[in-house]
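Q: Sharing a structure here in structure tokens format.
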Amino acid sequence: MVILITGANGQLGNEMRIVSKASKDKYIFTDVVEVDGQETAILDITKIEAIRSIVKEQNVQVIVNCAAYTNVDKAENDQKISELLNAKAPENLAKAMKEVNGLLIHISTDYVFGGDPYNTPCKENQKGTPTGVYGLTKLKGEENIQKSGVDYLIFRTAWLYSEFGNNFVKTMMHLTSTKPQIKVVFDQVGTPTYAYDLASTIFNILENRKYEGNIGIYHYSNEGVTSWYDFTKLIAEIAGNTSCDIQPCHSKEFPSPVKRPAYSVLDKSKVKNTFGIPIPYWTDSLKKCMSNLMKS
Ligand SMILES: NC(=O)c1ccc[n+]([C@@H]2O[C@H](COP(=O)([O-])OP(=O)(O)OC[C@H]3O[C@@H](n4cnc5c(N)ncnc54)[C@H](OP(=O)(O)O)[C@@H]3O)[C@@H](O)[C@H]2O)c1
């Protein structure tokens, strides 16, 4: 089987490169630019003809879409590009895969929720209530895929971090080692997700053809619940950054262009029951990722 990965230079895309090394399938890694030392074909997912042509030339049967516009704050002012990448481009991918009776695996976000004051974990069939442009455009992307008639798996994930690119874990490792005091919000609750764990799950489903008969939306984050404040406390502890005073604060103390969900914990019963995949607890995965980061 030929599987094409988009956004292969991003966090999840890079983890897909790692987990798929021993695959029996052929993986093609694509992004908008090449990075030194990485095999990457150029593919801009906003261009439907470019997608059609690589699908035809390489006989692609599955696309895993790891590309997106992921800057939640900047999306508020970059509405057009957010819409193009998060809503229109998934529709392009869906159309191209529908034309060859292929499968689209797409990644969405817990930020499709948050507008209502939830306090129980969000289920897949719960109505989306995004609080900002990023969440809204990601929700439109999901809807466009569903309308296209393509076979799809959509994984909504949350608070993604990895060894690659910029992310919260790396930022807090740096800040807690250089600042005497920092404030971090404790009134936003969710679950961090190690991109490697999500990539392993997608890989397992593909390698074992578990997608057959199971199209739909699934929630995937690591297990457990925390706030950004508690997340930071553990990052500092694992990094051995003991001299930084980490204080909890309210979201309103940080002027932000976007209101973020106060509670966006995902209920993962469906993904576990359908695919029989164990999900690591968030602190165990954080330790693994940070151990890799501290070695490099
Ligand atoms: N990060 C999170 O906390 C988080 C949370 C929940 C859900 N998610 C979702 O999880 C998925 C993976 O996120 P991530 O953090 O791995 O993303 P990421 O690190 O931002 O990677 C996205 C990749 O897509 C590429 N890209 C941008 N425009 C493109 C285009 N027109 N065509 C092809 N590729 C393009 C980017 O290239 P450039 O960098 O050169 O622009 C980048 O390499 C996304 O769908 C995201 O919405 C993320």
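The values are calculated or read from the model by the stated rules, or taken from the named source; none is laboratory data. Values in this document were obtained by computation on a predicted structure and should not be read as measured data. Reconstructed Cβ throughout: ideal geometry from the backbone, glycine too, with neighbour counts over all protein chains shown. With ligands, DNA and RNA removed, areas are computed over all heavy atoms of the protein, side chains included. Shrake-Rupley method; radii C 1.70, N 1.55, O 1.52, S 1.80 Å.
Q: Which residues, taken from region 10-50, are closer than 21 Å to Gly141 by Cα and not in a helix (DSSP H, G or I)?
A: Those that are closer than 21 Å to Gly141 by Cα and not in a helix (DSSP H, G or I): Gly10, Thr30, Asp31, Val32, Leu43, Asp44, Ile45, Thr46, Lys47.
Q: Given the criteria open to solvent by 10 Å² or more (accessible area, probe 1.4 Å), touching a residue at least 24 places away in the same chain (Cβ under 8 Å) and over 28 Å from Leu136 (Cα atoms), does Ala239 qualify?
A: Criteria met by Ala239.
Q: Here is a further query. Please verify whether region 67-80 includes one or more residues that are open to solvent by less than 40 Å² (accessible area, probe 1.4 Å) and within 16 Å of Ile3 (Cα to Cα).
A: Scanning region 67-80, I find at least one residue that is open to solvent by less than 40 Å² (accessible area, probe 1.4 Å) and within 16 Å of Ile3 (Cα to Cα), so the answer is yes.
Q: Follow-up. Of the conditions (1) farther than 30 Å from Gly213 by Cα; (2) charged (D, E, K, R); (3) in contact (Cβ under 8 Å) with a residue 40 or more places away in the chain, Lys268 satisfies every one except a single condition; which number is it?
A: Of (1) farther than 30 Å from Gly213 by Cα; (2) charged (D, E, K, R); (3) in contact (Cβ under 8 Å) with a residue 40 or more places away in the chain, only one is false for Lys268: (1).
Q: In region 51-84, which residues are away from the ligand (no atom under 15 Å from the Cβ), part of a helix (DSSP H, G or I) and not acidic (Asp, Glu)?
A: If the condition is that a residue be away from the ligand (no atom under 15 Å from the Cβ), part of a helix (DSSP H, G or I) and not acidic (Asp, Glu), then Lys56, Gln58, Gln79 are the ones that fit.
Q: Among the residues of region 148-169 satisfying the criterion of being within 18 Å of Val184 (Cα to Cα) and part of a helix (DSSP H, G or I), which is most open to solvent (accessible area, probe 1.4 Å)?
A: Selected residue: Phe168.
Q: Name the pairs: first residue in region 191-203 and farther than 11 Å from Ile107 by Cβ, second residue among the polar types (S, T, N, Q) and within 11 Å of the ligand (Cβ to nearest atom), Cβ to Cβ under 8 Å, at least 6 apart or on different chains?
A: Note: pairs meeting the criteria are Thr191/Ser221; Pro192/Ser221; Tyr194/Ser162; Tyr196/Ser162.
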